[in-house]
């Protein structure tokens, strides 16, 4: 029987999947995971003409997921994303989707800032408010308070206790309001 609960490590999956299904360009995952990287592997198989990259800055996580790589799903262990900014500029095509869920959490805002001019949609995990009610985000994610409101367009998926947001400087596609 379904009691309405969900594994809190997978609450971002509906948003990430919708973003991938409704775009056609390259996808970048910052921070691998048991759920997201496997979802991206399935999407890479379904969309062989698209490029998918999973980047983790922690070798132990890279070791856990490196076997999921495929011809169009590169899985790398790198500390920073300058290469992905340069690649987007060189191919003159932004990343359609950048999923941000890396550790340590303090790396997330600097990475979003670096990739902002070469990304259409950011899917950002853990954007729920601090449960103590004294801050807009949990302490480890407080950098979000200065960065995320600067995006011109956003939508936060609040169905589960761990929220996932979509952020862009371009108008959000119509599917965001309908699907999420």
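Worth pointing out:
- P(r) of the chain over all Cα-Cα pairs, binned every 10 Å from zero, in whole percent: 9, 39, 39, 11, 1, 0
- Cα-based Rg / Dmax (Å) for segment 27-130: 12.9, 40
- Cα-based shape type of segment 111-150, given that a ≥ b ≥ c are square roots of the gyration tensor eigenvalues and the cut on a/c is 1.5: prolate
- Which of 28, 115, 8 has the fewest Cβ neighbours within 10 Å, and the rest in rising order: 8, 115, 28
- Neighbour counting of Cβ atoms within 10 Å sorts the residues 137, 144, fewest neighbours leading, into 137, 144.
- Gyration tensor (alpha-carbon) shape descriptor, segment 97-180, a/c threshold 1.5: oblate
- Sequence of 21, 148 once ranked by neighbouring C-beta atoms within 10 Å, starting from the fewest: 21, 148
- Segment residue 155..residue 7, full-extension length gain: 51.1 nm, with 0.36 nm per residue of separation and the alpha-carbon distance subtracted.
Read the figures in this text as sums done on the coordinates, not as results from a lab. All values reported here derive from a predicted model rather than from experimental measurement. Every residue, glycine as well, gets a Cβ built from its backbone with ideal geometry; the counts of neighbours run over all protein chains shown.
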